[in-house]
1. Conditions: (1) touching a helix residue (DSSP H, G or I) at 6+ places or on another chain (Cβ under 6 Å); (2) in a helix (DSSP H, G or I). Residue 86 meets all but one. Number of the miss?
2. Say we look at the range 12-27 and pick out the residues that are part of a helix (DSSP H, G or I) and surrounded by 22 or more Cβ atoms within 10 Å (Cβ to Cβ); which of these is modelled with the highest pLDDT?
3. So which residues in the range 130-153 are assigned to a loop (DSSP other than H, G, I, E, B), within 19 Å of the chain's Cα centre (by Cα) and surrounded by fewer than 16 Cβ atoms within 10 Å (Cβ to Cβ)?
4. Any residue at all in the range 34-47 that's within 19 Å of residue 107 (Cα to Cα) and assigned to a helix (DSSP H, G or I)?
């Protein structure tokens, strides 16, 4: 289930709490897995209970406290458990106010983020007391490019596809950003996106 659809369904039922999630791409399961969030809200704040499948051990249920939610993480990232469903605690609200807040947050996204280009969203976690995009810009990397992968000029926390970018180009640009920010500013950036697999080697 797309996270944006869940937010829209909640709004239609006059249930508040998921306004921040209306513009976040990805699935509900992925959002719980990563503890997705934006504009001061996180999905882990709303989870009450989940159903899991543990390979070799069967099914179980876990509470929010047992999931060890933290900034962009949950225990699911290390446990190997498979998320089957999740329950959320929302609060009754005024439909017009809920939709107005969703519209305002989506406008802010459109104004500040390079939504006109394909990307995987925000690439790096926010370092303590700082913003990854600001550090990347300070390091002179806004607009940096490898092939068709580019650090977005509109928001340096995004790496966009300018046409035919490959996974290899995106990963190489991520590595370059991490290396130069560390060398120039002494900060180690951690990726927020998760890399699954890699692009295939070109035929020789």
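The values are calculated or read from the model by the stated rules, or taken from the named source; none is laboratory data. This one's a predicted model, so the numbers in the text were calculated from it and none came from an experiment. Using ideal geometry, Cβ is built from the backbone for each residue, glycine included, and neighbour counts are taken over all protein chains shown.
1. (2)
2. Ranking the qualifying residues of the range 12-27, first place goes to 19.
3. Within the range 130-153, 130, 131 meet the criteria.
4. No, there is no match, as no residue in the range 34-47 is within 19 Å of residue 107 (Cα to Cα) and assigned to a helix (DSSP H, G or I).
Residues are listed down the side, and each one gets a yes or a no for (1) within 19 Å of residue 4 (Cβ to Cβ); (2) outside the structural domain of residue 192 (by TED's automatic domain parsing); (3) crowded, with 18+ Cβ neighbours inside 10 Å:
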{"position": "47", "(1), (2), (3)": "yes, yes, yes"}
{"position": "62", "(1), (2), (3)": "no, yes, yes"}
{"position": "68", "(1), (2), (3)": "no, yes, no"}
{"position": "73", "(1), (2), (3)": "no, yes, no"}
{"position": "80", "(1), (2), (3)": "no, yes, no"}
{"position": "83", "(1), (2), (3)": "yes, yes, yes"}
{"position": "90", "(1), (2), (3)": "yes, yes, no"}
{"position": "106", "(1), (2), (3)": "yes, yes, no"}
{"position": "109", "(1), (2), (3)": "yes, yes, no"}
